[in-house]
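Note sheet for the following structure.
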């Protein structure tokens, strides 16, 4: 590796904790706060001239990361308002380009995954409430009942993941579902068998969507 590549890699690794905050974002605005905090942290190590020109405008030291994107908002608002913000971002991208790294592509992969997962969670939330309430009010519920409920919810999640359109349609047919938007209509528990190959594909697809969104299916179900 060249000295430039080593410096870039070290800066990137040092700012990984900032990137990880994407998993705590609940809106696109929060995601962009995390993105710009990442850019600022990278620039503080790779573009000292541009960083120094706006450092006095920053309220919070970017190295002192908080545990939630909202805690970074004041710092980023101040940085964006600085006359040197554009120069800093341009200098950082030029440095990244010089070592063959596309920072925007790296970020957009995270942002797209998070927004897709949030959209799926929001769309499936009303059904999740119904399923959770049914379990809570069933004094004779079993572990299998919870597994069955979770399967219905996961199917609902899959409807909001474009990559899973064919997989979710295959499962709809496998369980004789008339209305894909209402999996509880004419629900037949015997057909909803998690051992079926069709389910394994849907299960894996939803798990992967959760990972792209910085979460897991189990964590989302328990939330």
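The values are calculated or read from the model by the stated rules, or taken from the named source; none is laboratory data. Every value quoted in this text rests on a predicted model; they were computed, and no experiment measured them. With ideal geometry, Cβ positions are generated from the backbone for all residues, glycine too; neighbour counts draw on all protein chains shown.
A few remarks follow.
- Candidates 187, 155, filtered to the one that is closer than 26 Å to residue 24 by Cα and modelled with pLDDT of 95 or more: 155
- Test result for residue 132, free of Cβ contacts under 8 Å to residues at least 60 places away in the same chain, assigned to a helix (DSSP H, G or I) and more than 28 Å from residue 212 (Cβ to Cβ): no
- Qualifying residue in region 27-38 (condition: out of contact with any helix residue (DSSP H, G or I) (no Cβ under 6 Å at 6 or more places or on another chain) and surrounded by 14 or more Cβ atoms within 10 Å (Cβ to Cβ)): yes
- One residue from 60, 77 being modelled with pLDDT under 95, out of contact with any strand residue (DSSP E or B) (no Cβ under 9 Å at 6 or more places or on another chain) and outside any helix (DSSP H, G or I): 60
- You will find that of 152, 99, the residue that is more than 30 Å from residue 41 (Cα to Cα) and surrounded by 12 or more Cβ atoms within 10 Å (Cβ to Cβ) is 152 and no other.
- Within region 160-223, helices (runs of 4 or more DSSP H) holding 3 or more residues that are buried (at least 18 other Cβ atoms within 10 Å of the Cβ) and touching a helix residue (DSSP H, G or I) at 6+ places or on another chain (Cβ under 7 Å): 165-174, 197-212
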